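Worksheet for the structure shown next.
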Amino acid sequence: MKIFLDTANLDQIRKAAEYGVVDGITTNPSLIAAEGASNADQIRAICDIIDGDISAEVVATEATDMVREGRELASIHDNVVVKIPLIREGIKAVKQLSSEGIRVNVTLCFSAPQALLAAKAGAYIISPFIGRLDDLASEGMDLIRDIVTIYDTYGYPTQVLAASIRGPLHVRDAALAGAHIATLPAKVFDQMFSHPLTDIGLEKFLADYHKSLQNA
Ligand code: G3P
């Protein structure tokens, strides 16, 4: 499973990139706004750090404007994947951009029928938001399972990206459900490394090693 970071913060991206296990980045208008830079400048800077799929979202809501904005975003760098919201006009834009060879991540997906429409329109990635479903007492992970099953059944190449992830258990469950990608806030990426037994175990190994040196 690919691991993406869900952030537009360059410090977080640089720090995480040092481990060599981050495959891509997802952004959205909220994350870009938090950094106080223009969408294009921030996306360009992110592309300079991570060599992988970098999702950049349009803010237009009408199909022809989304297509125009999508083309502009795609021209920033070969690794840019254009993010389009799963609304009626969005599906028209996905069909057009995909037919031009521009890769599209369809975002704000909350149901399997929506995901089926995105795949039929040629989406490269579908992004179901599992945390926001959990917030409404709906089982977000069931949506990942349903979409993976539907895409597998009909052979759609669209990758399933588990978005709106809130903790390491979401990462485990998304992997078990067959998601191709999980996009994580920097905090969740950090939490993936930690287990108290790892720290206790290493402390004991090193203490025993140093003791053995004294006995030698
Ligand atoms: O970037 C899309 C998604 O991952 C946002 O997550 O935490 O705002 O629901 P969240």
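How much length is gained if the chain between Lys15 and Arg44 is pulled fully straight, taking 0.36 nm per residue apart and subtracting their Cα-Cα distance, in nm to one decimal?
Full extension of this stretch gives 8.7 nm more.
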GluC sites (Glu not before Pro) in the stretch 1-82 lying in a DSSP loop, each with at most 16 other Cβ atoms within 10 Å of its Cβ, come to Glu18, Glu62
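Could you rank Leu117, Leu184, Leu176, Leu108 by how accessible they are, 1.4 Å probe, largest area first? Working shown, then result.
Details: Leu117 95, Leu184 0, Leu176 140, Leu108 65 Å².
From most exposed to least exposed: Leu176, Leu117, Leu108, Leu184.
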Share of accessible surface on carbon and sulfur in the chain, whole %, 1.4 Å probe and ligands ignored, is 55
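For the chain: lysine pairs with Cα atoms under 15 Å, gap of 8 or more or different chains, count?
Numbers: Lys15/Lys187; Lys83/Lys92; Lys83/Lys95; Lys92/Lys120; Lys95/Lys120.
Eligible lysine pairs with Cα atoms under 15 Å apart amount to 5.
Find out how many positive minus negative residues lie around Met66, taking Lys and Arg as positive, Asp and Glu as negative, among other residues whose Cβ is under 14 Å from that of Met66.
On the way: positive: Arg68, Arg71, Lys83, Arg88, Lys92, Lys95; negative: Glu57, Glu62, Asp65, Glu69, Glu72, Glu89, Glu100.
That works out to -1.
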Measure of exposure for Lys120: accessible area at 1.4 Å probe, Å² rounded to 10, is 130
Diffusion coefficient in µm²/s returned for the stretch 27-183 by Stokes-Einstein, Kirkwood Rh over C-alpha pairs, 37 °C and 0.692 mPa s, is 210
Mean projected area (nm²) from the convex hull of Cα positions in the stretch 156-216 is 6.3
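Please work out how much length the chain gains when fully extended from Glu62 to Asp134, using 0.36 nm per residue of separation minus the C-alpha to C-alpha distance, in nm with one decimal.
Working: separation 72, 0.36 × 72 = 25.92 nm, distance 2.96 nm.
Taking 0.36 nm per residue and subtracting the Cα distance, the gain is 23.0 nm.
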Sorted by accessible surface (1.4 Å probe, heavy atoms of the protein chains only), largest first, Ile200, Ile87, Ile102, Ile25 come out as Ile200, Ile87, Ile102, Ile25
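Let me have the 222 nm mean residue ellipticity of the chain computed from DSSP H runs of 4+ only, each contributing -39500 (n - 2.57), with the sum over all residues rounded to the nearest 500. Mind showing how you got there, number by number?
On the way: 11 runs with 116 residues, N = 216.
Only helices count here, giving -16000 deg cm²/dmol.
Can you give the FRET efficiency for Asp142 and Phe205, using 1/(1 + (r/R0)^6), R0 = 41 Å, r = Cβ-Cβ distance, to the nearest 0.05? Can you show the working numbers first?
Working: r = 42 Å, r/R0 = 1.01.
That gives a FRET efficiency of 0.50.
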To the nearest 20 debye, the chain has a Cα-centred charge dipole, built from +1 on Lys and Arg Cβ and -1 on Asp and Glu Cβ, of 280
Spelling it out for Lys83: with amide H atoms placed in the peptide plane at 1.01 Å from N, the residues 5 or more places away or on another chain with amide H under 5 Å from its amide H are Ala56, Glu57, Val58, Asn105
From the Cα centre of the stretch 37-65 to that of the stretch 118-137, the distance in Å is 19
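Probe radius 1.4 Å, ligands and nucleic acids left out: which of Tyr156, Tyr209, Tyr151 has the largest accessible area, and how do the rest follow?
Values: Tyr156 60, Tyr209 120, Tyr151 5 Å².
I get Tyr209, Tyr156, Tyr151, largest accessible area first.
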Helix 140-154: inclination vs the chain longest Cα principal axis, degrees, rounded to 10, gives 60
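Where only protein heavy atoms count, and the probe is 1.4 Å, what is the accessible area per residue for the stretch 155-195 in Å²? Before the final figure, lay out each step's value.
Numbers: 1900 Å² over 41 residues.
For the stretch 155-195, the per-residue accessible area is 46 Å².
The values are calculated or read from the model by the stated rules, or taken from the named source; none is laboratory data. Fair warning: this is a prediction, and the values are worked out from it, not measured in the lab. Quick reminder, even Gly has a Cβ in these numbers, built from the backbone with ideal geometry, and neighbours come from all protein chains shown. The accessibility values were calculated without ligands, DNA or RNA, using every heavy atom of the protein model including side chains. Shrake-Rupley method; radii C 1.70, N 1.55, O 1.52, S 1.80 Å.
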